[in-house]
Amino acid sequence: MNFSEDIQVRVVESDEGEALMQFLLEHYYREEPLTAGCSPPEPEQADKDFLLSNIPHGTCLVVVQGGSRIVGALVSGPKDADEAEHLAEEVVEHSGTKWGRILRLLARVERETNVCKRYGVPSTIHVHALGIDPRLRGLGLGARLMSAVAERARALGHPLVTVDCTSLYSAGLMARLGYELINTIRYDEYLDEFGQQVFRPPAPHDSVKTYVLRL
């Protein structure tokens, strides 16, 4: 059996939340620039709960090796033209927390992009997280997950896939896959009310970039 025959991409089942989160804690959160660039270094429970809340949509995917071992994961869910207002409410609810600071940046991104209004569509599938086991990076697993989520979005009737890339590496992947770059916010230009930089991720990550794929 060769490597490709040993790999399966499938939808996350309803009872796999714990396994999915364990993978994300090991292979996503540790390197995610907003998480790593804002104290404390660990993700808050509200952050983790949000990612897991997307499982019922049937748009969260895993790459499984050998029938059981998760080696890649993608979390995504639907959003519509009211997403900016929804995020604004969440910012108020989580004010003063790390998750609240992350939400505030994402709310600004949403205000500047509003992809549903921009493209005149009712909804999109938005990718929230993408992680690959470092032992298997460079083998195209991220691209396979992005291809699979585009197929899921199309099957569910969504005309777009969107991604807010907080990492230079994920932004590079989207560019290679033909996604359209529509917005960029540099971390060194995103300041709090005191003029201080909010997120200071490690190099080479310098911005959050929003990409769109029309299906």
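When all protein chains stay in place and ligands, DNA and RNA are ignored, the 1.4 Å accessible-area order of PHE194, PHE199, largest first, is PHE194, PHE199. Binning the alpha carbon pair distances of segment 155-215 at 10 angstrom intervals from zero yields the distribution 22, 42, 25, 10, 1, expressed in whole percent. Estimated at the nearest 10 Å², the accessible area of MET174 is 0 Å² with a 1.4 Å probe.
A crude spin-label estimate for the pair VAL198 and ARG135, with each label 7 Å from Cα along the Cβ direction, gives 3.8 nm.
Taken over the Cα atoms of the chain, the convex hull encloses 119 Å³ per residue. Between HIS57 and ALA19, the contour length at 0.36 nm per residue exceeds the Cα-Cα span by 11.9 nm. Per residue, the accessible area of segment 1-155 comes to 48 Å² when a 1.4 Å probe rolls over the protein heavy atoms. Counting only alpha carbon atoms, the long axis of helix 141-155 and the longest principal axis of the chain meet at about 80°. Distance between the modelled labels on ASP6 and VAL92, one decimal in nanometres: 5.3 nm (7 Å Cα→Cβ projection).
Think of the chain as a dipole: +1 on every Lys or Arg Cβ, -1 on every Asp or Glu Cβ, centred on the Cα centre; then among TYR28, HIS86, PRO40, TYR28 lies furthest on the positive end.
Pop out the carbon and sulfur fraction of the accessible area of the chain as a percent, whole number, probe 1.4 Å. So the carbon and sulfur contribution to the accessible surface is 49 percent. Taking only the C-alpha atoms of segment 11-55, the Rg (one decimal) and the largest Cα-Cα distance, Dmax (whole number), read 10.9, 32 Å. Just how many % of Cα pairs in segment 42-157 lie over 18 Å apart, if you round to the nearest whole percent? So the pairs more than 18 Å apart make up 58 percent of the total in segment 42-157.
The values are calculated or read from the model by the stated rules, or taken from the named source; none is laboratory data. What you see is a predicted model, and the numbers here were worked out from it, not measured in a lab. With ideal geometry, Cβ positions are generated from the backbone for all residues, glycine too; neighbour counts draw on all protein chains shown. Ligands, DNA and RNA are excluded from the accessible area calculation, which covers all protein heavy atoms including side chains. Shrake-Rupley method; radii C 1.70, N 1.55, O 1.52, S 1.80 Å.
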